[in-house]
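Once you've had a glance at the structure underneath, I'll fire off some questions.
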Amino acid sequence: MEVLAITSSTHLANEADRCNLLFDNGLKTLHLRKPKFSPEEMEGFIHDISKQFRNRIVIHGHYDLAVKFKLKGVHMRRKHRSDTFRNNLKRWKLKFRNRKLIFSATFQSLQSLKENKVGYDYVLLNNVFNEGSKFNFEDSGLKLIHTIIETSNPLVYAIGGIERSDIDVIKNARFAGAGLSSSLIRSEQSAAIKELQVFLGA
């Protein structure tokens with residue numbers, strides 16, 4: 001199973017070191033999400049990531065840094081993800097400056113995913129397994145999720161409250177993979193590596 005790691009949204013001591021460790025153990029994509037970081041703070045975090053791994057980073061906000069550091073991609077914030085001329089121009093300009101750049105976005109519901117008209121490389125479907133989730137994984141609900149994911153233009157990754165016990169559901173629903181945060185970023189080092197290996201091997 002493909003795995004995306006998502007950073008803590010706030011400052012976390014030694015987090016860049018943890019990210020480097022995850023990269024060393026097979027992580028292919030890291031979502032760098034720090035909504036309150038200034039461009040300088042975000043740049044400092046990127047500097048702490050080994051150069052060999054920077055092309056695996058998808059940045060949330062401060063999109064110009066994706067070009068400056070030749071990152072993997074940019075994750076469009078809610079206000080930038082709609083199919084408007086201004087947003088399309090923003091994406092075009094970034095792509096023109098870095099042809100290899102990929103684009104992703106987060107959706108909060110199956111309906112919003114279904115209505116998406118923008119050609120992202122992949123998207124994240126949020127709050128899939130969080131407590132109080134509205135997603136139904138019984139037979140009929142699973143079939144609906146499967147159908148929407150299969151007909152979606154971009155690949156769809158599940159995020160939100162994911163545990164090992166959810167692996168079979170993620171695969172049966174035909175998600176492209178899972179996005180993990182706390183279990184990889186905040187947990188004890190050996191446990192984080194083991195968790196990553198479990199999901200990568202699923």
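The values are calculated or read from the model by the stated rules, or taken from the named source; none is laboratory data. Quick caveat, the model's predicted, so the values are computed rather than measured. Cβ: placed from backbone, ideal geometry, glycine included. Neighbour counts: every protein chain shown.
Which members of segment 52-90 meet the condition of being touching a Lys or Arg at 6+ places or on another chain (Cβ under 7 Å), surrounded by fewer than 16 Cβ atoms within 10 Å (Cβ to Cβ) and modelled with pLDDT of 95 or more?
55, 70 - these are the residues of segment 52-90 that are touching a Lys or Arg at 6+ places or on another chain (Cβ under 7 Å), surrounded by fewer than 16 Cβ atoms within 10 Å (Cβ to Cβ) and modelled with pLDDT of 95 or more.
Among the listed residues 100, 117, which satisfies the condition of being touching a helix residue (DSSP H, G or I) at 6+ places or on another chain (Cβ under 9 Å) and part of a loop (DSSP other than H, G, I, E, B)?
Numbers: 117 fails: touching a helix residue (DSSP H, G or I) at 6+ places or on another chain (Cβ under 9 Å).
After applying the criteria, what remains is 100.
Could you say whether any residue in segment 124-145 is outside any helix (DSSP H, G or I), modelled with pLDDT of 95 or more, among the hydrophobic types (A, V, I, L, M, F, W, C) and within 22 Å of residue 72 (Cβ to Cβ)? Talk me through it step by step, then tell me what you get.
Residues of segment 124-145 that are outside any helix (DSSP H, G or I), as a first pass: 124-138.
Cutting the leftovers down to modelled with pLDDT of 95 or more gives us 124.
Next, from what is left, pick out any that are among the hydrophobic types (A, V, I, L, M, F, W, C): 124.
Now narrow it down to the ones that are within 22 Å of residue 72 (Cβ to Cβ): 124.
Yes - at least one qualifying residue is present in segment 124-145.
For every residue, the table says whether it meets (1) under 26 Å from residue 108 (Cβ atoms); (2) charged (D, E, K, R); (3) in a strand (DSSP E or B).
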site: 27; (1), (2), (3): yes, no, no
site: 36; (1), (2), (3): yes, yes, no
site: 46; (1), (2), (3): no, no, no
site: 75; (1), (2), (3): yes, no, yes
site: 82; (1), (2), (3): yes, no, no
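Hey, can you tell me all the residues within segment 154-202 that are among the hydrophobic types (A, V, I, L, M, F, W, C), without any contact (Cβ under 8 Å) to a residue 60 or more places away in the chain and assigned to a helix (DSSP H, G or I)?
Here is the first cut: in segment 154-202, the ones among the hydrophobic types (A, V, I, L, M, F, W, C) are 155-156, 158-159, 162, 167, 169-170, 173, 175-176, 178, 180, 184-185, 191-193, 196, 198-200, 202.
Remaining after also requiring without any contact (Cβ under 8 Å) to a residue 60 or more places away in the chain: 155-156, 158, 162, 169, 173, 175, 191, 198.
Within segment 154-202, 169, 191, 198 qualify.
I need a count of the residues in segment 12-25 that are assigned to a helix (DSSP H, G or I) and more than 25 Å from residue 122 (Cβ to Cβ). Before you say what the answer is, go through the steps one by one.
Looking only at segment 12-25, we keep the residues that are assigned to a helix (DSSP H, G or I), and these are 15-24.
Those still in the list that are more than 25 Å from residue 122 (Cβ to Cβ) too: 17.
Qualifying residue count, segment 12-25: 1.
Another question about this same structure. Any idea which of (1) aliphatic (A, V, I, L, M); (2) without any contact (Cβ under 8 Å) to a residue 12 or more places away in the chain; (3) touching a helix residue (DSSP H, G or I) at 6+ places or on another chain (Cβ under 7 Å) is the one residue 89 doesn't satisfy?
Among (1) aliphatic (A, V, I, L, M); (2) without any contact (Cβ under 8 Å) to a residue 12 or more places away in the chain; (3) touching a helix residue (DSSP H, G or I) at 6+ places or on another chain (Cβ under 7 Å), residue 89 violates only (3).
Show the residue pairs that are 6+ apart or on different chains and have beta-carbon atoms under 8 Å apart, the first residue being within segment 1-22 and over 14 Å from residue 45 (Cβ atoms), the second being in a loop (DSSP other than H, G, I, E, B) and not charged (D, E, K, R).
As it stands, the answer is 1/201; 1/202; 2/176; 3/27, since those pairs meet every condition given.
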